[in-house]
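Take a look at the structure set out below.
Just so you know, all these numbers are worked out from the coordinates, no wet-lab data involved. On a predicted model such as this, the values are computed, not experimentally measured, just so you know. Here Cβ is always computed from backbone atoms with ideal geometry, including for glycine, and neighbour counts include all displayed protein chains.
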């Protein structure tokens, strides 16, 4: 039973990590390789606000998420907008921005166990006789909340509908007066904010380290590739597949192999169904 | 009312360049010199570098330049001639180094044998590992090549095979500092000019076709996976040679050879030197490595430096050094009224 509960929690953690990347990619078609760096950046900012400036925890959270969103928006407006449509430069530019942020933080002294965020609520409850701490419960709650909010936003809000239109058919959306660049910058800002939300919910469970940044990037992209790049349903389903696979390896084989599981999942998907679990309509253009 | 003048820059080939493209190149000393001079400067400059280097430290730096240049040229070849962005230069270095270490320590082979053996076997392993991502275009190759070095380093740490976190530290050291330098410099020159030759052959045309329009290549009845695998194998050969050479240079191979430096540096060298030129990355390496050596005291900040350089060049000067230099060398420009 504990396998099922922790499997669900782990899957939702992966989904939270991936959903920002998926949103930014599906709208702008720019793979944001700085995703993991933004994740760590927001947690680090939150830690700074909390410990160096001594602000209120809620205020810290809001501030760090907003700043991360602005950083994501700036990354698009200053850099990615100039290389959009050139896949090689897109990857090189966003990857180097991510590396620059992460390695700068490493140089700042971000290592070891000193950097931790406080949990929202201490304590443990029993779900079907399995002990689960309240932080993990709040991860579940916020993951579900974020998913529902994004669904509502993209189905009932004017801007959100615009984003979805760009994601589905950029040219048709342009003809209807939806600015592609504006949509992409909003998507990148939103994606970065979601990375921030994920960091602040998930990181109280562990330490803020630079390696985590790279791992989050890998997990996010692995989930998105398995689910089919650009498909939001696929992202959630793939998060559950990889999440459960990871929990099973952790409990039956060894705890070091979470990343190997993600890589294996990507390789198997690439061999057997390259468009991903739910990316059916793009199969022809991506499988070449 | 302001007088509006619209001007544009007009570029024309120099006369000597036009003549050098034709039969004049072999019949006139000036045109022959025009063609030979840049190449000669590069070759003579590289071969003279070990003689000019003031002390052992800078001679080691020359060896490093050679290794990084191999990675950078390989990255340029893969990214701008085949369309595969490789974020895992560390994978080639690491696998090559560990292969050399295994052959040397467990089988007791001589470096003369281990380096070629490690180059070929390491490149084969790398190509096989990357094979699943090759049929597709897009981010797949980039992310898979980025994951491998991290995972391999982690597996070696976790399972404690091959020396675990300590690494293999009893690898034979190549002692003669002159053979060290000339070995790697000659390999760099061979790879550089060899690849320039290769991309102008038929296979180069096919590879560029894959980059621009892979459906057309497929429609011509050629397997793009096959050709991409060949390109990856060539790059892996260069990277694995660098790795095996590094292992014997330091007498050590450990998980530090899977480090981020090897993955991000080729990008920086290529973007600075001029993408899609194959000599540009070499030039970028020659400029960046001495700068980064003087920054050695800052540790991890060097990677930040590379990344910032990449971003700045992509935004403000995306043609890079060599493309710019080549234009100035072959063309003259002046303003004309529109």
If you take the beta carbon distance between residue B:30 and residue B:106 as r and set R0 to 56 Å, what does 1/(1 + (r/R0)^6) give as a FRET efficiency, to the nearest 0.05? 0.45
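Could you work out [θ]222 nm for the protein assembly as shown from helices alone, using -39500 (n - 2.57) per DSSP H run of at least four and dividing by all its residues? Round to the nearest 500 deg cm²/dmol. Intermediate results must be reported in sequence, preceding the final value.
On the way: 27 runs with 438 residues, N = 626.
After summing the helix terms and dividing by the residues of the protein assembly as shown, the value is -23500 deg cm²/dmol.
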Length gained if residue A:172 through residue A:272 is fully extended, taking 0.36 nm per residue and subtracting the Cα-Cα distance, is 32.8 nm
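Can you give the mean number of other chain Cβ atoms that lie within 10 Å of the Cβ atoms in peptide A:254-261?
3
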With a cut-off of 8 Å between alpha carbons and a minimum separation of six or more residues, what is the relative contact order of chain A in percent? 34
With a ≥ b ≥ c from the Cα gyration tensor eigenvalues, square-rooted, and the rule rounded for a/c under 1.5, otherwise prolate when a/b > b/c and oblate otherwise, region B:53-337 is oblate
Could you please rank B:8, A:29, placing first whichever residue has the fewest other Cβ atoms within 10 Å of its Cβ? B:8, A:29
May I ask you to derive the relative contact order of chain B, considering only C-alpha pairs under 8 Å and at least 6 residues apart, and to give it as an integer percent? 32
Kindly state, to the nearest 0.05, the FRET efficiency for residue B:201 paired with residue B:316, given R0 = 45 Å and r defined as their beta-carbon distance. 0.85
Say a paramagnetic label sat at a point 7 Å from the Cα of residue B:222, along Cα to Cβ; which residues of region B:183-209 have their backbone N under 17 Å from it? B:195-209
Okay, which of region B:264-283 sit inside 20 Å, backbone N to the point 7 Å along the Cα-Cβ direction of residue B:326? B:266-283
Taking the beta-carbon count within 10 Å as an exposure proxy, list A:115, A:57 from fewest neighbours to most. A:57, A:115
Fewest to most Cβ atoms within 10 Å: A:182, A:158 sort as A:158, A:182
Label point distance in nm, residue B:296-residue B:23, each placed 7 Å from Cα along Cα→Cβ: 5.6
Shielding by other protein chains, A:101-108, mean Cβ within 10 Å: 5
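Counting alpha carbon pairs within less than 8 Å and at least 6 residues apart, what relative contact order, in whole percent, applies to region A:123-184?
Taking the mean separation of contacting Cα pairs over the length of region A:123-184, I get 16 percent.
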The alpha-carbon center of region B:238-283 and that of region B:91-157 are separated, in whole Å, by 14
Using packing as a proxy for protection, rank A:20-26, B:130-136, B:293-299 so that the peptide with the highest average count of other Cβ atoms within 10 Å comes first. A:20-26, B:130-136, B:293-299
Whole angstrom only: what separates the Cα centroid of region B:320-337 from the Cα centroid of region B:41-79? 27
Residue B:259-residue B:39 pseudo-label distance in nm [points 7 Å out on the Cα-to-Cβ vector]: 3.7
If you count, for every residue in B:148-154, the Cβ atoms of partner chains within 10 Å of its Cβ, what is the mean? 3
Among A:94-100, B:243-249, what's the highest-first ranking by average C-beta atoms within 10 angstrom per residue? B:243-249, A:94-100
Length released on extending from residue A:62 to residue A:233, taking residue separation times 0.36 nm less the Cα-Cα span: 58.8 nm
Could you calculate the FRET efficiency of residue B:182 with residue B:113 from 1/(1 + (r/R0)^6), where r is the beta carbon distance between them and R0 is 25 Å, rounded to 0.05? 0.80
Only Cα pairs within less than 10 Å get springs; with that Gaussian network setup on chain B, which residue of B:92, B:77, B:233 has the largest fluctuation? B:233
Sorting check: for A:244-251, B:105-112, B:121-128, which peptide has the highest mean count of neighbouring beta carbons within 10 Å, and how do the rest follow? B:121-128, A:244-251, B:105-112
